[in-house]
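Shown next, in structure tokens, is the structure this report addresses.
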Amino acid sequence: MTFGKNSLNVIAALKAVAMMLASLSIMAPVSPMAPTSPTSSTSSTSSLHAADANDALLKNVMARLASVKSAKADFVEKRFVKLLNAPAESSGVLIYTAPDRFEKHTKKPLEERMTVERDMVTLDNVARKKQQQIFIPQFPALAAIVDAMRGALSGNLPQLQQAFSIAVSGNATRWKLHLVPLEASQYAYIHAVDVTGRDDFIDAIEIFQSDGDRSLMSMTRAAP
Amino acid sequence: MPRRSTVMPISTPKKTPSRIWILGIWATFIFVSAWVVFRADYRADISAFLPKNPTPNQQLLVDQLKDGVISRLTLIGIEGADAATLAQLSKRVAAQLRTDPQWASVNNGEAVAIQQDGKFLLDNRYLLSDNNKPSTWSVAGLQTALNESRQLLSQSAGLFAKKLVPRDPTGEVMRMLDDLVANNAVATVSGVWVVPRINQGKQKCGQSREEECAKSIQNSSRAVLMAQTKAAGIDLDAQQRAMESALHAFETAKQETANAADASVQLSGPGVFSALSRERIKSDATRFSTIATALVIMLVWWVYRSPRVVALGLLPVATGVLAGIAAVALVFGSVHGITLGFGATLIGEAVDYGIYLFTLIRRDNQGNEHINGATDVVENSSAHHTMKLIWPTLRLGVMTSICGFSAMMLSDFPGLQQLGVFSVAGLIAAVLATRFVLPNLLPHDFQIRDGSLGQKLASLAHAAPRLRRPLTFAVIALVAAGVINRQSLWNDDISNLSPISLSEQKRDEELRTALGAPDVRFMVVTESADLETTLQAAEKAAVALAALRDAGLIRSFDTPTQFLPSEAAQNARKQALPAADTLRARLDEAVVSAGFSRNVFEPFLTDVEATRSRLLVHRSTLDGTQLATKVDALLVQKPNRVTAILPIQGMHEDAELQQKVIAAMAALGAPNASGALALPNIRLMDMKTETNELYQTYRHQALAYALAGVVAIALLLWVTTRSISRTARLLLPLAAAVIVTAATLLALGVSLSIFHLVALLLVIGVGSNYVLFFDQQLTKDGSLAPVMLSLVVCNLSTVFGFGVLALSSMPVLKAIGGTVAIGAVMSLVFAAVYLQPAAAQNNE
């Protein structure tokens, strides 16, 4: 005897389908071209000596980043999208709390708050009064971006190395990390993420998308 | 220690034809009944609780519960492993079930069917979207849309949206997705639904060690699958098989998957619950009846020390139960599980019949000399003789019980009718078996062992009338209390009667929430004779609901017209689409000012033009998509009757605001001024109230028929005794017993349900026997000693038999068990309290 309690509830279940739609069928890139083994392209350096030096620099940079327990920065993001005749620009504040939480609070042109915590992203579209929770692994492109940003912010080298092949250049006070996703599903969206910084501060994150579009986020230290 | 051996062969010097005939007829009857019982169709669905002449709302409920899409739903949850392993398990289970013809669809979030859905939405977006109206296609309208798209590109979602913008710059697909997603998104791991179990990880990580903490976080996910069976929810055998196939699929997947050793699976959903409850009622009934039977056997053994007598004591019971089930199967074509549950009640009364006979034999055997020649010694003269002596009382006792139960046969509910038929047929068969078969099978010189027990019990009984005054006051007080609190006596929340445990209900809730399918309580329903009219009405209702949603009175709603709009609406949308040249010109004007590059919108122009000559969306267009399931759930198509269902999520809790929603819906259904365009029959339904009302009707009817039964019993007693005062005296202990029993239950914190009601009826049935035997004995010689033992044995056997049932977790068994056990004791005690002095004054 179950009576009416369980009837007609499931109808709404199909809403579930929507997230899948968003990630799989409509918006997925049509080109299933395999990434040209991103692993090998950057990490194999010819000189063993150079590799050691790079290794030391990478560890140095990551150690500096790891020492930061919280940070706040103003950002300006420019998106270079082929569809648009001019870059789309947005700006706001970025707040990081060690080890794995950060918030990207866009203020212009439309207010939006993106909070990343553990493996969930909360998108609060203030302008449209719409809130969305996203399980990060569901969206490879998002996962690549989140992994890169969070890995760099926390200075967690093993975590970063799990998801990317890393090339480091510059020196300890002015450095650049070139991250290439190892995971084919992520590489299908994101070809590389460049993270540049001084000492323990990240001042730019540039994302190169597989379709040629890119975005550049520049940061300046903000009063805490 | 037995004083004398009662184990004697049924050795009769000559087998008279009548004895052979009787035993032959009985054996044939048992054989035929057993065959019918064995072949009978057993059910545990809710149909027995549904009225034969339902209101339209009830009819909808009934249809949905019986074979609606919802009734076919099974939710499968897998947990106890890390997310990646769960994903793999989910894929393997789904793959196996998809090849199984029992399952109509299996959805675990995999792209299999979803790509179809995406294609359907994208292809038909301009026919489906209610944003498609002439104003959208003006230069200004296009500009607004393009600006929005541009903003979207600068937001987080832009990364995903940009693939779609060139085809859909007005954002139709996005809008439909927003509607679909509403507040719910199912998280996925490697493409299948794996959701975090809320709070699980956090709670465990308070103080515990780091490793455990890490493990519990790692294992705090759950894979969810949503499957539809092909069979209707009411087909419990099929539901059971489907359930087993899902479990089997999981076990197979578990063995094939690494790291899955600790993984476990849970099934949920209406069909699963029905099948489970049938199983449980069955197993509980079996287990507890076995224990109860064992106890009764021990009791009878203790008194009679004879295995044969024990077996014979159960003979009327077995005969009655077989006859009862067979009668129900023959009359109704199937037997409901609840009937069987109630049927346990028959044992309580039927087992008494034999005991009356056995216990009274000795005495009558002793005073045997004076019996006249007519009865004489054919075989077991003492048994036959005793039977003749007690028969009038026994017959009257059975007739009162039959009166009590037969009123149920007049009910509108098949469940109550079945109960009536079962009891009446069972009691008649049991008493006939006692009357004609038992004496023929009893050992030749059967006698129960002597004992002072009867004397002791009798002296106790003789002291009982002292309690009369306090008891009478107590009963009056209880009645008064009951009248004052009459509103809270009954429990009309049907979910409390569900045999499904709270933890299972909670898990069902969790799985539903995970899938974004919360329990729906309110829904707008509209129906007409044809699909188009119904869809148009649903569209009007949807407009009204959207306004209520925007006003914050409801959170969201669903409508079948979201994916299957009326033809009228689709044609209007087609009409709204501009011709290719016009659109190109307007777009060119809008593009630059909105900041888009030129010529990026070619795919859009092509799509719009294609839609202008596109076929309208019909139900068949949805074939192969998951959306079809949704539409089917919301649109019930029967010959000459098409019903659209618009479930409302998050109805405002405030009762006044709810009234506004109700009023808004009522306004829709009312004919307008001209009357010509009145919408067909739009109404707001509250599923909870509706089901509870249904149950309430059921309970009211049961109560009414139970009272009718009591009146019939009173009439019967009056006709038999020809004395109103004597009838009243006989009824008094019974009434007191029923009142005190009900009061005891209420005092124990139990609120009364239909099951208690039926059990109280049984208390009257069983109790009337005590009262009649008690009375007969008093009338005869004023000494209670000879009859006390049999009454106490009967009473104890009833208490044992039913008391055990009270330990069951099934509400039906628990209610009947507890009530009858208490009631039986009360009846006997009150018979002793009220009947004795009456007998002293009354010499008929």
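Restrict the search to region B:509-569; then list the GluC sites (Glu not before Pro) that DSSP places in a loop and that have at most 12 other Cβ atoms within 10 Å of their Cβ. Mind showing how you got there, number by number?
Working: sites: B:509, B:510, B:527, B:532, B:539, B:567; in loops: none.
The qualifying sites: there are none.
Surface burial for B against A, with a 1.4 Å probe and both sides summed, reaches about 6600 Å² of accessible area. Principal semi-axes of the equivalent ellipsoid, √(5λ) from the alpha carbon gyration tensor of region B:69-153, are 40, 18, 11 Å from largest down.
Leaving out ligands, DNA and RNA, and with a 1.4 Å probe, what % of the accessible surface on region A:46-221 is carbon or sulfur?
Numbers: 4090 of 7920 Å².
That fraction is 52 percent.
Based on the alpha carbons, how large is the Rg to Rh ratio for region A:46-221 when Rh follows Kirkwood? Walk me through the numbers before you get to the answer.
Working: Rg = 16.0 Å, Rh = 16.6 Å.
In region A:46-221, Rg relative to Rh is 0.96.
A convex hull fitted to the Cα coordinates of region B:793-832 yields 42 cubic angstrom per residue.
Pairs B:66/B:230; B:91/B:630; B:230/B:506: which exceed 24 Å Cα-Cα? As for pairs spanning more than 24 Å Cα to Cα, those are B:230/B:506. The listed residues A:55, B:412, B:117, once ranked by accessible area (1.4 Å probe) with the largest placed first, stand as A:55, B:412, B:117. Mind checking which of A:106, A:209, A:60 is farthest towards the positive end of region A:46-221's charge dipole, using Cβ charges of +1 (Lys, Arg) and -1 (Asp, Glu) about the Cα centre? The residue sitting farthest along the positive end of the dipole is A:106.
Accessible surface of residue B:799, taken over heavy atoms with a 1.4 Å probe and every protein chain present, rounds to 40 Å². If you count Lys pairs in region A:46-221 whose Cα atoms are under 16 Å apart, skipping same-chain pairs closer than 8 places in sequence, the total is 9.
The values are calculated or read from the model by the stated rules, or taken from the named source; none is laboratory data. Predicted, not measured: the structure shown is a model, and the values here were computed from it. Every residue, glycine among them, receives a Cβ derived from its backbone with ideal geometry; neighbour counts consider all protein chains shown. Ligands, DNA and RNA are stripped out before the accessible areas are found, and what is left, the full protein with its side chains, is counted by its heavy atoms. Shrake-Rupley method; radii C 1.70, N 1.55, O 1.52, S 1.80 Å.
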